[in-house]
Amino acid sequence: MPSPPALFRLYRAVTPLIQPLAWRVMARKLRAHGVDAERARERLGRATLPRPDGPLIWFHAASVGESLSVLSLIAKLGERLPRAAFLITSGTATSAELIEKRMPPRCRHQFAVMDAPGPVGRFLDHWRPDAALFVESEIWPLMIVEAANRGVPLALINARLSAKSVAGWKKRPVTAQFLFCHFALLMAQTRATAGDLVALGAPEDRVAVGVNLKTTSAPPPVDAQTVAALRAQIGARPVWLAASTHTGEEEVVLAAHRQLLGDRPDLLLLIAPRHPERGDAVAALIERGGFSCARRSRGKEIGANTQVYLADTLGETGAWYTLAPFAFLGASLVDKGGHNPHEPAQFGVPLITGPHLDNARAGYEALRAAGGLVEVRDAATLAATVADWLDHPARLAAAQDGARSLSRRGDDALEGLMDRLCAALDLGAGLG
């Protein structure tokens, strides 16, 4: 292993100095989301759960999408390695809540430790992982180096590097090579990312193109009683869904809905903001637009005159995809790169999106090729696409078939990924 470069040594020296300020910011965010003080201190490496006996495999993700994408992999690994336990760390309160509702057997969650010497050391002293897997673009220098120094084999899975990130690493080639050399395996989402990793100094024989884990993630849970009650409230009315919307998108969705109501006065719009805590802001937009609204978080039911149902709750995404024949998927009309298209595809829900799809470009292109995606630019093109699918059942059925075809891919690729991980991280001996 090469010696630590000057930039890494500087990073290790500076992080303790900025740790107090960073901790105050992190703690404030967690408190605002209702996380108690004890759990918040997990960010300082102070564990709130005991380490399980036997081998422990650690997965480190960032937030909701990355965390949920690895749950199917953990479940499959758990079947293959019955003696292993699993730890998943993530940074946000929302990801913690969703993970804890959907964790596979023998799995536990902690908030991600701050990347500073004290917290990382406490974390590793307590958990003593037998292997560590970092998800997508979670490249934290101290976590990586300190774990490797303790003999923990490392993998980077579902690797994704933005153009901005690649450009930044290229300015620091010695540091990039130093960090990427610590991984025994680097599985990229695309050939382009694999090429970037090699160009940044990752050993070519450790880099491979793997399955995008978001194509293999289990669908969100569906509460049958919730769906039955909502179906009774909706009745025979036509309905469409705007899912995982962000600031700047609800205005476009509501403008499209206004156009659609002109010819379809009984049409119901479900809006599910990506962040339910934005419910008040979205409700204000709906009110200013003059729409009659029922709000899920307030326990309001859908009435005959309800034009918009604001689904501002957490953990009910499966219900919305069960109720809607198609959806607009957010983070795509604003420049946020799009959300995971495979989740709605698991429900046979085709998508309408904006042009910003870089976060899962391959998945979106596969869905487009299968006939399950239409890209729009503004309220007018969004309204026209919704009207087309509402008015032409055969076209909608073909789009739904295209969505289902996307959801059937990935099982064989997941098995291949597990084979590579078990070989690279030596997960076979003593865990089976």
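The values are calculated or read from the model by the stated rules, or taken from the named source; none is laboratory data. Predicted, not measured: the structure shown is a model, and the values here were computed from it. Note that we place each Cβ from the backbone using ideal geometry, even for glycine, and neighbour counts take in every protein chain shown.
Could you list, in sequence order, the residues of the range 377-414 that are of a type in the set (A, V, I, L, M) and within 23 Å of the chain's Cα centre (by Cα)? Hits for the range 377-414 are A403, L406, A413, L414.
Could you say whether any residue in the range 344-366 is in the same structural domain as S244 (by TED's automatic domain parsing), more than 23 Å from Q189 (Cα to Cα) and either charged (D, E, K, R) or surrounded by fewer than 16 Cβ atoms within 10 Å (Cβ to Cβ) (or both)? No, the range 344-366 has no match at all. Within the range 79-97, restricting attention to residues that are modelled with pLDDT under 90 and touching a helix residue (DSSP H, G or I) at 6+ places or on another chain (Cβ under 6 Å), the residue that is farthest from S67 (Cα to Cα) is T94.
Being among the basic types (K, R) and in contact with a Phe, Trp or Tyr (Cβ under 7 Å, 6 or more places away or on another chain) is a property that holds for R43. Considering the range 157-169, the residues that are assigned to a helix (DSSP H, G or I) and surrounded by 16 or more Cβ atoms within 10 Å (Cβ to Cβ) include one that is nearest to the chain's Cα centre (by Cα), namely V166. Being outside the structural domain of I74 (by TED's automatic domain parsing) and either in contact (Cβ under 8 Å) with a residue 60 or more places away in the chain or part of a helix (DSSP H, G or I) (or both) is true of L260.
If you go through the range 149-175 and keep only what is closer than 30 Å to H126 by Cβ and in contact (Cβ under 8 Å) with a residue 12 or more places away in the chain, you end up with R150, V152, P153, L154, A155, L156, I157, N158, A159, R160, T175. The residue that is modelled with the lowest pLDDT, among those in the range 416-430 that are in contact with a helix residue (DSSP H, G or I) (Cβ under 8 Å, 6 or more places away or on another chain) and surrounded by fewer than 18 Cβ atoms within 10 Å (Cβ to Cβ), is G428. For L68, are the conditions met, namely being over 20 Å from W23 (Cβ atoms) and in contact with a Ser or Thr (Cβ under 7 Å, 6 or more places away or on another chain)? Against the criterion (over 20 Å from W23 (Cβ atoms) and in contact with a Ser or Thr (Cβ under 7 Å, 6 or more places away or on another chain)), L68 qualifies.
Residues in the range 43-75 that are in a helix (DSSP H, G or I) and within 21 Å of the chain's Cα centre (by Cα): R43, V64, G65, E66, S67, L68, S69, L71, S72, L73, I74, A75. Across the range 178-223, the number of residues qualifying as charged (D, E, K, R) and buried (at least 19 other Cβ atoms within 10 Å of the Cβ) comes to 2. Selection of the range 200-225 for residues being of a type in the set (A, V, I, L, M, F, W, C) and touching a Lys or Arg at 6+ places or on another chain (Cβ under 8 Å) yields L200, A208, V209, A218.
If the condition is being part of a loop (DSSP other than H, G, I, E, B) and either free of Cβ contacts under 8 Å to residues at least 24 places away in the same chain or at positive phi (or both), then the range 109-139 contributes R128, E136.
Among the residues of the range 33-55, just one is among the basic types (K, R) and under 19 Å from R83 (Cα atoms), namely R51. Answer yes or no as to whether A27 is more than 23 Å from R128 (Cβ to Cβ), loosely packed, with under 11 Cβ neighbours inside 10 Å and either modelled with pLDDT of 95 or more or in the same structural domain as T175 (by TED's automatic domain parsing) (or both). Judged against the criteria, A27 is not a match. Considering the range 140-152, and only residues there that are of a type in the set (A, V, I, L, M, F, W, C) and assigned to a loop (DSSP other than H, G, I, E, B), the residue that is farthest from the chain's Cα centre (by Cα) turns out to be V152. Regarding E277, is this residue acidic (D, E) and out of contact with any Asp or Glu (no Cβ under 9 Å at 6 or more places or on another chain)? Considered against the rule, which asks whether it is acidic (D, E) and out of contact with any Asp or Glu (no Cβ under 9 Å at 6 or more places or on another chain), E277 comes out as no.
All conditions in (1) in a loop (DSSP other than H, G, I, E, B); (2) under 30 Å from P82 (Cβ atoms) hold for M418, with the sole exception of (1).
Within the range 68-93, being within 15 Å of I157 (Cα to Cα) and either of a type in the set (A, V, I, L, M, F, W, C) or not assigned by TED's automatic domain parsing to the domain that holds D36 (or both) holds for L68, V70, L71, L73, I74, L77, I88.
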